[in-house]
Structure formats: structure tokens, C-alpha cells
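Structure record follows, encoded as C-alpha cells.
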Amino acid sequence: MSRFTRENELLAREIIARYPRPKSATIPLCHLAQEQDGFLAEDAMRHISELVGITAAEVRGTASFYEMFKLKPVGKYLINVCTNISCQLLGGEELLEHAEQSLGIRSGSTTEDGLFTLEDVECIAACTEAPACQVNYRYFNTVSNEQFDSLVEDLRAGRNGEIPDHGTLGRVRQHIEPGQVANITAPEQQSEPGWFRDRNTAAAAEQGEVSS
Amino acid sequence: MNATPHIVTSRWETPDAHTLEGYQRSGSYSGYEGIRAALNIAPSAVLEQVRQATVLGRGGAGFPAGTKWGFCPPGVWPRYIVVNGDESEPGTYKDRVLMERDPHQLIEGCLIAAYAIGAAQVFLYVRGEMAHAQERIAAALNEAYANNLVGKNILGTDFSVDIVLHWGAGAYIVGEETALIESLEGNRGMPRLKPPYFPAAKGLYMAPTIVNNVETLANLPWLMCHGVAAYKATGSEASPGTRLVAVSGHVNTPGVFEVAQGTTTYRELFYSEQYGGGIRNGNELKMFIPGGASAPWFFPEQVDLPLEGRTVGAAGSMLGSGAIVVMDDTTDAVKACLRIVRFFARESCGKCSPCREGTTWEEKILRRIMDGHGRPSDLDLLLDIADNISPGPYPVASHPEAGLEAVPFPPRQTTICPLGPSSVAPITSALRRFRHEFEAKITKRDLIPLSVEPVGGRS
């Protein structure tokens, strides 16, 4: 496990084909691996490196820069409490404090049952809905302590509504039918688009006629 | 009171605006009529219209999009467009709403920009944490491809371009355009040195690349449908059109509002019933951030300034990303300052030492002042460190009571990108006005009376 399944490998190849250079697919493939395993495993990074044609160390080098990639397993539900300025002004830190006490863990840690990881995060673009938090990147606005507790209770009881397990982001994927692709090739194989040249030339000629 | 303009928000109340049918049925223009109008004229004519309209960039720097597009060197191919949907400047909440509620509007904006500059491909870079926006854009792109609105021979013409959705993975610095390009190439998101790496000349894969903010592109379909004169009828001469602003913090009715650029004042945004509805509990305004965490703070004296780049810049701050954070007189200035500095310390990519080391020191010093372990020399030390990141007088608002003039924007920098210098904004802003609050925390035993309730030992 941890290398891509057959199905995901096909998906990975489809994603790579959307970029002029395969390496550009590194981050999307890290997300795909995290969706498969819940975190970004060593073997997955090796598999990604084989698919995009770089070394496993380069994949790790890229992945380790980004906060969302978890190189070790985290809880099924990652709870991100925003404490940046707009949320801080309206109780974001108090909410984090409550979350720590309620879950019995410090931020950055995972509950013993492996259900919850709590994080104190930077601005999540919900500033007018402070204090805000996310569970697996799904938003919860103007969260009171009581609402936080009932959210946790629901998740414990398996009432997870729209929230997928950690690792899954958008559940709708972009898909381009091969016949619909305009022109995705390496930059070296690209030249001035014909429509651009023709249309500008025609307009310039027309302008010349008008002015002459 | 001015009627609320609706250039980019006209479908926000339409529940199915995210679908192709909803986009074409509702709103202040008919969906995909903008690209049809563009396709009837030459690409060079579209570029000229955008230039004449003075569509200012909505990401932070406020640079005119038409001028930026014109920087692509002639005869160098391919050209790429990268959409900056990595919204993460603290206080900023507008691009996410645009992407979630009206994704086709953004896609159509991408098409118009791609047509105007002759782009080979468009990459729509959406912030990793925005799962719902990713879903909405993916679904909209699939629909657009299936209906021949994106891809090969768009609307039955010779115009063809691909738009690819790309997700980030959590790094504020990737909002900087060269870092965004690095990230899109599969690398750590660290900014490139400018010169030589101006994206319009050497961008994605070293090819000419235009990086535009989501809101900037979302303006284009309306512009193509209604024309330059109609666009310029809203706002001021130098800053036409509208801005999306998020008014957050201590106002009664926080929200994301589309307002006329250049003419609307901060006072209207804070006190009018239409917008912020006044400061909470009838409290007094203590300070506000006029354009995101990177912007130097403003105070009650600046509240009548209009949302105009030049004016705000001359007054010592920036319009930035339309993130307006209101703080009332119960706010602890040191605590607010520490929180913003801590953000920059956490998000520094580590490439330049003045930023990597400096932001960390700033946080450490502010933390100990906050915790009651501050030293009398700490305030000068803070300013000294700040000066190493951004030398010379730092942009700051005037302080009439103390007879201090404003220092205009922008700051100087010893770093590749503005992240490090941005960390200085809250420090110089807070120290100039509220030095006594810092000193009180260092020298007095009790907390200053301005503090809000202590919060469980955390700050």
C-alpha cells in the first residue's frame, strides 16, 4: 500500500497529461496520494517521482514546504482553528483554547483514538464569519464553544455529513476528454497561436485600408 | 447614498449561479456573451479596451492589467496565463466567494485574457484549503469543456485554449507571483529574484506569463459586455470600477461588499447601515487595517479617506487586497501586533536571511513583551531589526497629535519579496501610536487597562 492503486495511477497519468511539463503535476499528485492514504507516505512519494521523472528526494523537498502535506498519519478529521487577526479579535484564540480542553490535546496533536488532529492555523478566508474553523477543509462559521462540541460529538458518532476523511479535497475532478483538448504540449513545441496571428493581422490590414 | 454597483457580485444571491444555466440566465450581463463580444474583434482590440478601462489589479499591488499584459515581449512564444486564486492575506475574503458562487464568470474572464494576449494555456491556481471552490471550478470547467466554451475551437471559432485547474497545498508566500510560478512548476514556493525573473518576460517554464488575481479577471466579462465608458462610470478617474472589500473585526455587520472604487470612504464602510453598521457596542474606533495584514494601520484621522490606491498610498498604507480589519478601543495593540508579526514569521519561506531571521526575532521580542518579560531596550531593538528588513523610514500614517507626518507607501526592502518588509507594518504602526502600551507592558506590574479579558495564558 501507499504506492498508487491501479485506478489512481491512471488518474495520475491523466493529471500529468494536463501540464506542459510532468513535474508541474507534483503537487496535484501529492494530494492524490494523500487522498488515497490519508497522509503522504514514503512509497507514494517514490511512485510520484517515477511518474513525473524526478527523484524521490525532490518530491519530498517540494512536499515538505507545504503545510497541507502530512508526512505522518494524522486524525481522520483535521480540525483547523483560525487564530489570525480577524478571528483573534472575535475569540479565535478562546475557541482554540476550548478545543484543546474539549479534545484533551494541544494544538498540533492527535487524539488517542486517531479521530482528531487539532491545528492552530493562519487566515482561512472566512474573516467576516469569525471565529471560523475548518474540518478537513470544510468551513464552519462563527463557531461558539457549544457548536464546536456538538460538531465533535457528531463526528464521533459518525454523523459526518459532507465531510470526507482527511486527504480528500474537492470531490469533483476536472476531466478533459481527449478530443476537447486544444493544445497541451511542452513549451518548446509551442509557437504563436494561429488564431492570434491571423486575427491580429486581419485587423491590422483592415485598419490600414481604413486609414489609407 | 450611492446605489450598490454589481459588476462582479451580480449573481451572488442566485442559488444556481455556479452552473452554466444559472450563469447564462442571471446577473448584470449574460454569461459567455463577453467572450462572444471579444471574439468579434481582434485580440489587440480587446487588449486596448482593457487598457483604456484601467482595470486595476485586485490582488494587492493595484497595477493596471492592460499595462501588465502589454509587457509580454513581442515574438516570444508560448505565453501563459496563471490565475492567482491563492487568497491568503489575513483579512482577505473575496476571491473565495467569487470562485464558489460564480466560477463561470472567472472562467470567462480567463478566456478573454487568453484571447487578448494569445495564451497557449491558462492555469487556475486555487488555494489548497478551499475545497468547495475547487469543486465548483472543476464542475464549471467540465461543463464549459462539454459545451465547447473552453478547449478546442471555442464557440465554433478558430480560438482554442485550455484551462487547467491546479490546487495549492498551504503556503501564504505562494500568493507572490514568482513563488506561485515556482509552485506550479512543482517546486517549493520560494519567490524568484526580479530582475531578471519578471513573469511577463521569464515566467512559467521561463516563458512570458501573466499572473492575474481572480477578482481582476472576474471584471472582464462585464467590461466586454457593457464597454469601457460604462465601466469607467463607476469609481474615480484614476481608480474606475468597483472593489470587493471584506470588512471584518469589530463592526456590527461584517461582510464582503462590492463598492465603488476611488469614491467610497472607510467611514461609509464602517458606519453605514448598508455595510459595517457601526462599531460594536457603540465603542470607539481605535485603529483599522485598510488593505490586509501587510498594510500599515490607519487610525480615526484616516477614516474619511476614499478607497483609492494613490490617496491611501500617500497617507502611508495601501489598498492591498481589500481586507479591512476594524479594531475598537478594547483592542490590545501589542497583542494585535504580535499576532500579525507571528503570521509573517510562520509564513516566511526562508530564502532571504533578513526575513527568515528578522521576522522570528520580531515575534520573539513581541512575545516576551506580551508575556511580561520585556526589556526596556526591546522597543529600539524591534525597530533596529525592522530596519534591517526594510531600511529607512517605513510607511506609516500621520500622527497629528504628536506632530508626525505620514511616510508614503511603498517600503524599501533588503529581501526578494515583500513578505519580510510587511512584518514591519504592524510594528511601526503600533509603536508610533501606542508606544505607551508597549512600555506599560515592560515597566508596569499590572496589565494596562485597555487589555481585553486575559485569555487562558495564550496570546
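Laid out as a table, the results:
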| read-out | value |
| --- | --- |
| Matching residues in region B:317-333 - criterion: being touching an Asp or Glu at 6+ places or on another chain (Cβ under 9 Å) and away from every other protein chain (no Cβ under 14 Å) | B:319 |
| All positions within region B:201-250 that are out of contact with any helix residue (DSSP H, G or I) (no Cβ under 6 Å at 6 or more places or on another chain), of a type in the set (Val, Ile, Thr) and open to solvent by 20 Å² or more (accessible area, probe 1.4 Å) | B:234 |
| Residue A:149 being more than 7 Å from chain B (Cβ to nearest Cβ), in contact with a helix residue (DSSP H, G or I) (Cβ under 8 Å, 6 or more places away or on another chain), outside any loop (DSSP other than H, G, I, E, B) and open to solvent by less than 40 Å² (accessible area, probe 1.4 Å) | no |
| Residue that is surrounded by the fewest Cβ atoms within 10 Å (Cβ to Cβ), among those in region A:159-181 that are more than 23 Å from residue B:107 (Cβ to Cβ) and at pLDDT 95 or above | A:165 |
| Residue pairs meeting the criteria (Cβ under 6 Å; at least 6 apart or on separate chains; first closer than 21 Å to residue B:44 by Cα and open to solvent by less than 80 Å² (accessible area, probe 1.4 Å), in region A:182-210; second outside any helix (DSSP H, G or I) and among the charged types (D, E, K, R)) | A:195/B:158 |
| Among (1) under 18 Å from the mean Cα position of the chain (by Cα); (2) part of a strand (DSSP E or B) - the single one residue B:287 does not satisfy | (1) |
| Criterion violated by residue B:346 - all others in (1) in contact (Cβ under 8 Å) with a residue 24 or more places away in the chain; (2) within 14 Å of chain A (Cβ to nearest Cβ) satisfied | (1) |
| Any hit, region A:173-185, residues being under 32 Å from the mean Cα position of the chain (by Cα), in a helix (DSSP H, G or I) and at the interface with another protein chain (Cβ under 9 Å from one of its Cβ atoms) | yes |
| Number of the exception - residue A:131 against (1) open to solvent by 20 Å² or more (accessible area, probe 1.4 Å); (2) in contact (Cβ under 8 Å) with a residue 12 or more places away in the chain; (3) within 30 Å of residue A:78 (Cβ to Cβ) | (1) |
| Residue B:53 modelled with pLDDT of 95 or more, more than 17 Å from the chain's Cα centre (by Cα) and under 28 Å from residue B:263 (Cβ atoms) | yes |
| Residues within region A:134-146 that are closer than 17 Å to residue A:93 by Cβ and open to solvent by less than 10 Å² (accessible area, probe 1.4 Å), tallied | 1 |
| Residue among B:367, B:346 that is within 19 Å of residue B:89 (Cα to Cα) and part of a helix (DSSP H, G or I) | B:346 |
| Some residue of region B:371-383 being outside any helix (DSSP H, G or I), open to solvent by less than 70 Å² (accessible area, probe 1.4 Å), closer than 17 Å to residue B:290 by Cβ and in contact with a Phe, Trp or Tyr (Cβ under 9 Å, 6 or more places away or on another chain) | no |
| Sole residue being buried (at least 22 other Cβ atoms within 10 Å of the Cβ) and modelled with pLDDT under 95, chosen from B:59, B:31 | B:59 |
| Residue B:11 being open to solvent by less than 10 Å² (accessible area, probe 1.4 Å), of a type in the set (D, E, K, R) and over 30 Å from residue A:66 (Cα atoms) | yes |
| Residue check, residue B:49 open to solvent by 20 Å² or more (accessible area, probe 1.4 Å) and closer than 24 Å to residue B:138 by Cα | no |
| Residue within region B:31-50 that is more than 17 Å from residue B:155 (Cβ to Cβ), free of Cβ contacts under 8 Å to residues at least 24 places away in the same chain and not polar (S, T, N, Q) present | yes |
| Extreme residue, farthest from residue B:298 (Cα to Cα), among residues of region B:240-271 that are more than 14 Å from every other protein chain (Cβ to nearest Cβ) and hydroxyl-bearing (Ser, Thr, Tyr) | B:242 |
| Any hit, region B:79-93, residues being over 15 Å from the mean Cα position of the chain (by Cα), at pLDDT 95 or above and away from chain A (no Cβ under 13 Å) | no |
| Boolean, residue B:270 is surrounded by 22 or more Cβ atoms within 10 Å (Cβ to Cβ) and part of a helix (DSSP H, G or I) | yes |
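The values are calculated or read from the model by the stated rules, or taken from the named source; none is laboratory data. Keep in mind that what you see is a predicted model, and the values were worked out from it rather than measured. Note that each Cβ is placed from the backbone with ideal geometry, even for glycine, and that neighbours are counted across all protein chains shown. All accessible areas refer to the heavy atoms of the entire protein, side chains included, with ligands and DNA or RNA removed. Shrake-Rupley method; radii C 1.70, N 1.55, O 1.52, S 1.80 Å.
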